[in-house]
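Here's the structure we're looking at; comments come further down.
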Amino acid sequence: MESINDIARNNIKRYRKLRKMTQKELAEALDVTHSSVSAWEIGKNSIDMSRLNQICQVLNVGLAEILADGGDAQQLQKDEENRKILETINQRPEVKRLMLTTFDSRNDDIVVAIKLLEALKKR
């Protein structure tokens, strides 16, 4: 069984890569050196709680997710896609309205609506 430090360091690396961030970019966002981030990710140095909270903020992920065991890369990718979808829905009222409108719609009607939107997008 992995230690909590191993779980955290592996998840930090996974979420950093999902965000398409380099170690250097994460280091700059945290105002630390690149070698500090590298040392955390390989387990050479441990991370204190205040720094862990900063990392969570920069990576836009909850502490529970960083400390969760068993998050594989595919699941993390799906979680990231879902987070982006929810963010778009929350930022764009018209997208939220479209989503709410489709909840009670038949699948055939949704397919037609998608084709219409795609055709309009091409104009």
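The figures follow:
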| quantity | calculated |
| --- | --- |
| Unique residue being surrounded by 18 or more Cβ atoms within 10 Å (Cβ to Cβ) and small (Gly, Ala, Ser) when the list is ALA8, ALA29 | ALA8 |
| Close pairs (6 angstrom Cβ cut-off, 6 or more residues apart or separate chains): free of Cβ contacts under 8 Å to residues at least 40 places away in the same chain in region 106-119, surrounded by 11 or more Cβ atoms within 10 Å (Cβ to Cβ) anywhere | ILE110/THR102 |
| Index of the failed condition, ALA64 passing every other in (1) surrounded by 12 or more Cβ atoms within 10 Å (Cβ to Cβ); (2) under 30 Å from MET99 (Cβ atoms); (3) aliphatic (A, V, I, L, M) | (1) |
| Residues of region 16-73 satisfying the condition of being at pLDDT below 90, out of contact with any helix residue (DSSP H, G or I) (no Cβ under 6 Å at 6 or more places or on another chain) and among the acidic types (Asp, Glu) | ASP48, GLU65, ASP72 |
| Single residue of ALA119, ALA113 found to be small (Gly, Ala, Ser), at pLDDT 85 or above and surrounded by 11 or more Cβ atoms within 10 Å (Cβ to Cβ) | ALA113 |
| Long-range neighbours under 9 Å by Cβ, at least six apart or interchain, first residue surrounded by 20 or more Cβ atoms within 10 Å (Cβ to Cβ) within region 11-24, second aromatic (Phe, Trp, Tyr) and not in a loop (DSSP other than H, G, I, E, B) | ILE12/TRP40 |
| Some residue of region 70-77 being touching a residue at least 24 places away in the same chain (Cβ under 8 Å) and surrounded by fewer than 12 Cβ atoms within 10 Å (Cβ to Cβ) | yes |
| Helices (runs of 4 or more DSSP H) (entirely within region 1-99) containing at least 3 residues that are closer than 30 Å to LEU117 by Cβ | 73-91 |
| Residues of region 100-110 that turn out to be among the hydrophobic types (A, V, I, L, M, F, W, C) and either outside any helix (DSSP H, G or I) or exposed (fewer than 11 other Cβ atoms within 10 Å of the Cβ) (or both), as a count | 2 |
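The values are calculated or read from the model by the stated rules, or taken from the named source; none is laboratory data. All values derive from a computational prediction rather than experimental measurement. Quick reminder, even Gly has a Cβ in these numbers, built from the backbone with ideal geometry, and neighbours come from all protein chains shown.
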